[in-house]
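Asks: Dumping the structure here so I can ask a few things about it.
The values are calculated or read from the model by the stated rules, or taken from the named source; none is laboratory data. Quick caveat, the model's predicted, so the values are computed rather than measured. Using ideal geometry, Cβ is built from the backbone for each residue, glycine included, and neighbour counts are taken over all protein chains shown.
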Amino acid sequence: MIASGPAFRLLPRLDEENGFFWTGGADGLLRFQRCTACRRYVHPPGPVCPYCLDGDLVPEAVSGRGLVHSFTVNHQEWIPGSEPYAIGLVTIVEQDDVRLTTNLVGFEAGDLRIGAEVRVVFEHRDDVWLPLFERVPS
């Protein structure tokens with residue numbers, strides 16, 4: 001099995017603009033900014049919508065489901081004793097141009113596939129909940 005990720009992680013700095021994203025896992029919800037004018041999701045968080053330039057963006061929960069758009073498996077032992085881990089680019093099902101770079105967890109070695117259905121799970125570290133994605137059981 002591919003490990004869940006590196007034993008050591010650099011954690012993001014929370015601020016007013018991104019706090020909703022990094023703390024959403026506390027209640028099990030993946031949230032992105034959504035423009036109230038054009039209704040498109042925006043990621044990474046920003047002050048204005050890149051599609052219509054409106055400044056009214058609000059955090060909104062999504063289903064937490066996605067598809068693996070691309071991936072790589074890191075076998076380099078950067079930290080002594082670390083196991084291989086998968087880094088994926090995941091597209092959310094609500095809007096295919098919203099993508100997250102994240103860890104893919106719970107896959108057997110050789111089972112990772114582009115187009116695989118995944119769902120969010122959260123890893124709690126300090127004051128953040130890191131969104132990771134696991135395989136949707138068939």
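Asks: Cβ-Cβ under 6 Å, sequence separation 6+ or interchain: first residue in the stretch 85-107 and modelled with pLDDT of 95 or more, partner of a type in the set (Lys, Arg) and surrounded by fewer than 19 Cβ atoms within 10 Å (Cβ to Cβ). Which pairs?
Replies: Going by the 6 Å Cβ cut-off, the qualifying pairs are Leu89/Arg99; Thr91/Arg99; Val93/Arg65.
Asks: Could you list, in sequence order, all residues of the stretch 1-35 that are under 16 Å from the mean Cα position of the chain (by Cα), over 13 Å from Val128 (Cα atoms) and at pLDDT below 90?
Replies: Within the stretch 1-35, Ser4, Gly5, Pro6 qualify.
Asks: Considering only the stretch 53-85, state which residues are of a type in the set (A, V, I, L, M, F, W, C), surrounded by 12 or more Cβ atoms within 10 Å (Cβ to Cβ) and more than 26 Å from Asp27 (Cβ to Cβ).
Replies: Answer for the stretch 53-85, where residues must be of a type in the set (A, V, I, L, M, F, W, C), surrounded by 12 or more Cβ atoms within 10 Å (Cβ to Cβ) and more than 26 Å from Asp27 (Cβ to Cβ): Phe71, Val73.
Asks: Still on this structure, I have one more. Among the strands (runs of 3 or more DSSP E) confined wholly to the stretch 44-138, which include 2 or more residues that are among the polar types (S, T, N, Q) and within 26 Å of Asn18 (Cβ to Cβ)? Walk me through it before giving the result.
Replies: Values: elements: 57-61, 65-74, 85-92, 99-105, 117-125, 128-135.
Of the strands (runs of 3 or more DSSP E) lying wholly inside the stretch 44-138, those with at least 2 residues that are among the polar types (S, T, N, Q) and within 26 Å of Asn18 (Cβ to Cβ) span 65-74, 99-105.
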